[in-house]
Amino acid sequence: MATSNNEDLLSYLQAKFPEFDPKKGSSRLSSLYSDFSSLQETNSYGYEANASFWRTVILQANRDGMISCNGYTLAVSQDGLEKAFEYGKYGQPLGINNVTEHMIEDGDLVTVESVLEAGALSSRPWSSYLLSVFIGRPLRYAASFIKQSQQSGAYVVMPTLKLVTTKVCEEHQKKQAISITDHLMTYETFRKRYSKSLIPNCELTDADIWLLLRYIESSKGVAIAEINRGNGAQIMLKFANAATVAQKKSVEITETDKGILSIMETSESLKSQIDELEATMSKLTIDTKECLSKKQKPQALYKLKQRKRIEAVLEKRLHYLDAMDTILFKIESSQNDAQIVQAYDLGANALKSVLSSSELNVDAIDMTMDKVQETFADQQEIDDALQLGMAELQDKQYNDLSNDELEKELEELEKLESKVLERRRSESPFERDDLSIPTHKPIMTPIEETENSTNPQKTKIPLEIQ
């Protein structure tokens, strides 16, 4: 890897893939850089392993902006891959063509022409359209771009293209509010917003931007149209809103959209002019003060007059900008009002549809409530029947017993319980009359210790009751 780009790629490969790390001295590189196509018959496992490795390397390196094709960041070429992966004593990978052929079959690599022809940008040929688009640029630039887009050796890396497409759509949906102006922009605005943020440490070229827009257009995510301006042709983009995406409808650019975009561009142009005028006024103010400090009164008066003229122009520009912003605000408000009215209309139609159904009307409701009342009445009859049946069952069960017999048995039980209580009371010590309760304090008498005591203790204090 002789060139600086190759050296950067080598450092990248050594950091990402252990096989390229010279410290580990991987012996697998010899197999990876050989023409391993013969392994397809003798060792299919080894062939698949090598092909899978190179596929992973190509996809990941392109996704990280380390390999590309002439004029494209999102595309590669077979010759370019062989030269890019050239590595010291191993030379160029001889089996890389087999890998790219499999990737083409699997749809990982698609020709540039196929992507450019996928959308429906214009009924005119793509080359003539580009010539009209870049009419304000040198013809040599447009011709080189067309030739570049038609080269047969360039293949778009579809996983990378799909990844950046997802990033663009997600970022757009995340940034947008509910205004129609959030969906409209020019090609230049799109390029400035996304060209440096989609691939790490890499800027998308104009060719990449067109590939990206054509791919988004083919999936109905954006509409592209040409609008004529005083300074030449210009490209207009309109992204699909959430409702259009949900309904899977195509995005269409109307004359109203073109008018709104024109107002937006005018507003942005006025803002740029205002910034420049304010900067010029600040500089003239500083220059005027310097002239006064140097006692250069004529020069100071001249600078002051210039400042006054620019201040008058600035005031007009601010007035125009306020008018443009007011128009845009009214457009946004009108769109919001229209969406609210549309929501009301949809809600009213839905409610009317529900109310007009055969299952929801006054007669049906009365019939249903009658059924509920009848059901409650039936349930009450069932409960009454159950209670009556239980009462009759109890009467029948105890019909053989008379009240006199029950009262006699209850009286015997009461007598037996009285005898038991009387016997317990007589046996209790608290109920004896022969025991008296002492009324004086206890007398403490010390006890002398014996001489033969083997375990002397403290003086015991017995209690005597006198």
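Every read-out reported here was derived from the displayed coordinates using simple, explicitly stated rules and does not represent laboratory data. This structure is a prediction, so every number in the text was calculated from the model and none was measured. Backbone-built Cβ (ideal geometry, glycine too); neighbour counts: all protein chains shown.
Only Cα pairs under 8 Å and 6+ residues apart enter the sum, and on that basis the relative contact order of the stretch 1-106 stands at 29 percent. Ranked by the mean number of other Cβ atoms within 10 Å of their residues, highest first, the peptides 67-73, 287-293 come out as 67-73, 287-293.
Since only 10, 34, 93 are under comparison, the one whose Cα sits farthest along the positive direction of the charge dipole of the stretch 1-106, derived from C-beta charges on Lys, Arg, Asp and Glu, is 10.
Ranking of 183, 102 by neighbouring Cβ atoms within 10 Å, starting from the fewest: 102, 183. May I ask you to evaluate 6.51 cos²θ - 1.76 cosθ + 1.60, the Karplus curve with θ = phi - 60°, for each residue of the stretch 48-59 and list the ³J(HN,Hα) values in order in whole Hz, giving x for glycine and proline? 3J(HN,Hα) across the stretch 48-59, in whole Hz: 5, 5, 5, 5, 5, 4, 5, 4, 4, 4, 5, 5. With the cut-off at 28 Å, tell me which of the pairs 162/248; 174/196; 162/192; 258/308; 271/294; 271/297 have Cα atoms farther apart than that. Beyond 28 Å between Cα atoms: 258/308; 271/294; 271/297.
Sorting the segments 274-280, 154-160 by their mean number of nearby beta carbons within 10 angstrom, highest to lowest, gives 154-160, 274-280. Listed by chain and number, the lysines placed with their C-alpha closer than 27 angstrom to that of residue 408 are 396, 419; residues fewer than eight positions away on the same chain are left out. Overall, the stretch 1-106 carries a charge dipole of about 400 debye about its Cα centre when +1 sits on the Cβ of Lys and Arg and -1 on the Cβ of Asp and Glu, all other atoms neutral. If Lys and Arg each add +1 and Asp and Glu each add -1, what is the summed charge of the other residues whose beta carbon sits under 15 Å from the beta carbon of residue 338? Taking every other residue near residue 338 into account, the sum is -3. Panel order for 116, 393, 74, by other beta carbons found within 10 Å of each beta carbon, from fewest to most: 393, 116, 74. Any idea how far apart residue 366 and residue 345 come out in nm if each label point goes 7 Å out from Cα toward Cβ? The modelled label-to-label distance comes out at 3.7 nm.
Cross-link check: pairs 289/316; 238/283; 16/83 evaluated at a Cα-Cα cut-off of 31 Å; pairs beyond the cut-off: 238/283. Dipole magnitude for the stretch 207-307: computed about the Cα centre from +1 point charges on Lys and Arg Cβ and -1 point charges on Asp and Glu Cβ, it is near 640 debye. For the stretch 265-340, the residue among 338, 279, 298 whose Cα projects farthest onto the positive side of the dipole built from Cβ charges is 298.
Considering only the other residues whose Cβ falls under 15 Å of the Cβ of residue 114, what net charge follows from Lys and Arg at +1 and Asp and Glu at -1? Summing Lys/Arg as +1 and Asp/Glu as -1 gives -4. Cβ crowding within 10 Å ranks 28, 191 as 28, 191, fewest other Cβ atoms first. Under the classification rounded if a/c is under 1.5, otherwise prolate if a/b is larger than b/c and oblate if not, where does the stretch 1-106 fall, given a ≥ b ≥ c as square roots of the Cα gyration tensor eigenvalues? Since a/c reaches 1.5 but b/c is at least a/b, the shape of the stretch 1-106 is classed as oblate. Rounded to the nearest 20 debye, the dipole magnitude of the stretch 265-340 is 1000 debye, with +1 charges on Lys and Arg beta carbons, -1 on Asp and Glu beta carbons, and the Cα centre as origin.
Within the shell defined by Cβ-Cβ distances under 14 Å, the residues around residue 407 carry a net charge of -4, with Lys and Arg each +1 and Asp and Glu each -1.
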